[in-house]
Structures are given as structure tokens and as C-alpha cells.
Amino acid sequence: MKIAVAMSGGVDSSTVAALLLQQGHELVGLSLQLWDQSRALDENGQPLASKCCSLDDIYDARMVASQLGFPFYLVNLEEQFETDVVQPFVAEYLSGRTPIPCVACNSKLKFAKLVEMADGIGVEKVATGHYARIDFDPSNDRYILRKGVDPTKDQSYFLFDLKQDQLAKTIFPLGGMHKPEVRELARAAGLRVSEKDESQDISFIPDGDYPRFIENYVQDVEHHTPEFHQQVEGWHPQGGDIVTSDGKKLGSHAGIHKYTVGQRRGIGVSYPLPLYVLSLDTQKNNLIVGTGDQLLGKSLIAERINWISIPELKEPMRVRAKIRYRNDEADATIFPLEDGNVRVTFDEPQRAITPGQATVFYDGDVVVGGGWIVKAEK
């Protein structure tokens, strides 16, 4: 079989390539150039080092392909990445939500483009180093996304938005493995990246300073699309009031784009009890704060639902739901709404349900589907 391997330059995708070669497949290596790292600057205007999607990563990917003896190509998707991932990320933050760029990058860009390129060059499958599994359910005529067997590395949460045509063309050779096993395979294959560190930062914000990136990006009009420019025209960091849920003013903030639901550090006002961000009022530019028990929500509304194991939700369904990647799953019931959205009602209240984050539904190790949180409900 001829397979295109999406190569990030890390140990996972490099091990995928070595495994597939050992199985006798013909490979083509593809790396995606997504972001000009020279644009990632610190507060002094100096370039920041990135551990994700950097030039060093591309160099490592090319060297692994050369070592293993298959062709390698670099595909420049910087413009599309900026339009489909970076600008929606900034717009979401400015509207008071907390987005996850990795999900959009996977479904809208990486897998979409890889599948498109695979079709164009006569490649049967696309392989990546994600820790997840794909099966086909003939009874339902659907491809099924499952968790990776290594619970510490499972990435199914970030893949919930993959469509059926993308799943049909994709394989995850590492989905049935644990990370130590993968590193051992890389060592056995003599791969130069076998001891390379993990990359967990966002490629375009390597230092994690979201507020500074957003402020700088809004001013970077040279790279704005007309639609994005219209969205952010006239925006600038603006202070406002820090208020309790019953409207009592406690202090002032320097811009609500600096905060997210559930945040405790950096609020900067005194109060008898620890305070947390409850919500962001972008209309009044107010930061709503309260105590820990006020962070609990019984249900949420999610939009832009992508169903994987089922074609649609026609009646209430019991699931295990996640509201953040690092959160544990929680027992819940999902209810279809007339507008295509879903209400997720939890058996036990959940802490810091955050608009802009993803909620993903599981049935055992199977991803039922997922969507984007619009609002939390008490």
C-alpha cells in the first residue's frame, strides 16, 4: 500500500514511518509549514523558540525520511493556517470565549489537506502519529474513532471533529501502543529523534502568553483578511470593572481578553474567600467573579456538533462527556435540540464549563461525537 506519512519531526510520526516501512508499505513523507516562527516574538521583540512546528522540526522530519529512504515533501500552508486557525482563535478570545486551536487545525487544515493531497498523488491512506484508533462499523456503515490504549497519551478529544471521509483515509499506527513502547521502537530503528522531547505548546504562541499575542496580532493589519479586519477594527485593550455575580464592584481589570473561566490567579482584588472568573461580559467589558461553588454548572449547550459513531442524535443518549482535555469524563445525558444543538446534562455538577472549549461524548472507548460549548447552565 502507498501511504503518506504526516511528519512533524517528532518521535511519534517518525516511528510511524519506520513501522510502516517494516510492514512493506511504500511511503511518501509530508510536512506542513504552518507558521512563520520569526513572527513569534517575546515582549522585547525577540524571536521565541518553539517546540512545535519549527524549522528544526522540519529539518528532523527531512533527515528521518532520508535515513529511512523515502521521498519527503514540504507543503506550505501558512496562509490557510492563518485564515482557518489563527484568526478564528483571536476572534474567539475577543468575543469572550476560550478556543482550542488544535482541534480546528486538525479537522479544517491538517487532515483536510492531507486527504486532498493523498487523493491527488494516488496515495491510499494517510498516517499520523496520533494516539487514537479507527475502526469501521459495517452494521452502521460508519468509521469509528476510538481512544488510544495509552490513557496518558490518548488524543481522541482533539480529533472529535474529523469527518467520515477523513477517517476513511486515515490510519493511526500508534493507537494500540504506549509511549515507552514507541520510544523503544524508535531506538531499535536507530532514529535520531528517539529521545526528542514532547511538543505541547501552540505553534504560534510558544511562550503561552495569549494576551500579548492577541494584542500584537490585532495590530498586525498586514496579515488580516478583510473579514477578520472588519471583526477586530477599532478593538484595543480596554479596562473595565471586576464585579460579583450580583453586580457588586470589587475593582478594575486591564482587559478581559487576559482571563478565562475558572481562572484564579491574576484577578488582583481582596475578598474574604478565594475568587474565580465566572464569566466574561464583553458587552459591558466586565469580569464576573465569584467563589468556587459558583463555578459549578449542571448542564451546557453545545453547537456545531460532529457525530462520528452515529449519523445524528434523535433521542436522549447516555454518554461520558469531557469538557476539557485534562478533565475526567463525567456521566451525562445528551439531548437533541431543534436547532441542531445539544444540551448536555451532567449527573454531577461540573466545574468551570467554559464557552469556546470542546465537549466530547464517549461510549466506553468510542467517540460518539462532540461540539463547541456555547454556554453553561446552572
| Mind checking the log10 I(q)/I(0) for segment 240-290 at q = 0.14, 0.16, 0.31 Å⁻¹? Debye, one equal scatterer per Cα, no solvent, two decimals. | -0.26, -0.34, -1.50
| Taking Lys375 as the anchor, which aspartates and glutamates have their alpha carbon closer than 12 Å to its alpha carbon, excluding any fewer than eight residues away along the same chain? | Glu303
| request: Note down the relative contact order for segment 296-377 as a percent, whole number, built from C-alpha pairs under 8 angstrom at least six residues apart. | output: 43
| Label assignment, volume of the Cα convex hull per residue in Å³ derived from the structure, set (i) 135; (ii) 157; (iii) 147 | (ii)
| note | Here, Arg351 and Thr152, labelled 7 Å along Cα→Cβ, have an inter-label distance in nm of 2.3
| So what is the relative contact order for segment 2-188, in percent, with contacts set as C-alpha pairs under 8 Å and at least six apart? | 24
| query | Given a Förster radius of 30 Å and the C-beta distance between Gln294 and Val374 as r, what FRET efficiency does 1/(1 + (r/R0)^6) yield to the nearest 0.05? | reply | 0.95
| remark: Dividing the mean separation of Cα pairs under 8 Å (6+ apart) by the residue count of segment 121-261 yields a relative contact order in percent of 16
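Quick check: net charge around Thr83, other residues with Cβ under 11 Å of its Cβ, Lys/Arg +1 and Asp/Glu -1?
Values: positive: Lys108; negative: Glu78, Glu79, Glu82, Asp84, Glu227.
Its environment carries a net charge of -4.
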| query | What is the distance, in nm, between label points placed 7 Å from the Cα along the Cα-to-Cβ direction at Lys248 and at Gln230? | reply | 4.4
| field | Most positive-pole-ward Cα, Leu287, Leu32, Pro272, against dipole of the chain from beta carbon charges | value | Pro272
| request: State the three equivalent ellipsoid semi-axes of segment 296-377, derived from the C-alpha gyration tensor as the square roots of 5 times its eigenvalues, in descending order and whole Å. | output: 17, 14, 12
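For segment 80-197, what number results from the quotient of the Cα radius of gyration and 2.2 N^0.38 Å? Write down the numbers at each step before the final one.
Working: Rg = 16.3 Å, N = 118, 2.2 N^0.38 = 13.5 Å.
For segment 80-197, the normalised Cα radius of gyration comes out at 1.21.
Rule-based calculations on the coordinates, nothing more; no lab input. Nothing here was measured: the structure is a model prediction, and the numbers come from that model. In this analysis, Cβ positions are derived from the backbone assuming ideal geometry, glycine residues included, and neighbour counts consider all displayed protein chains.
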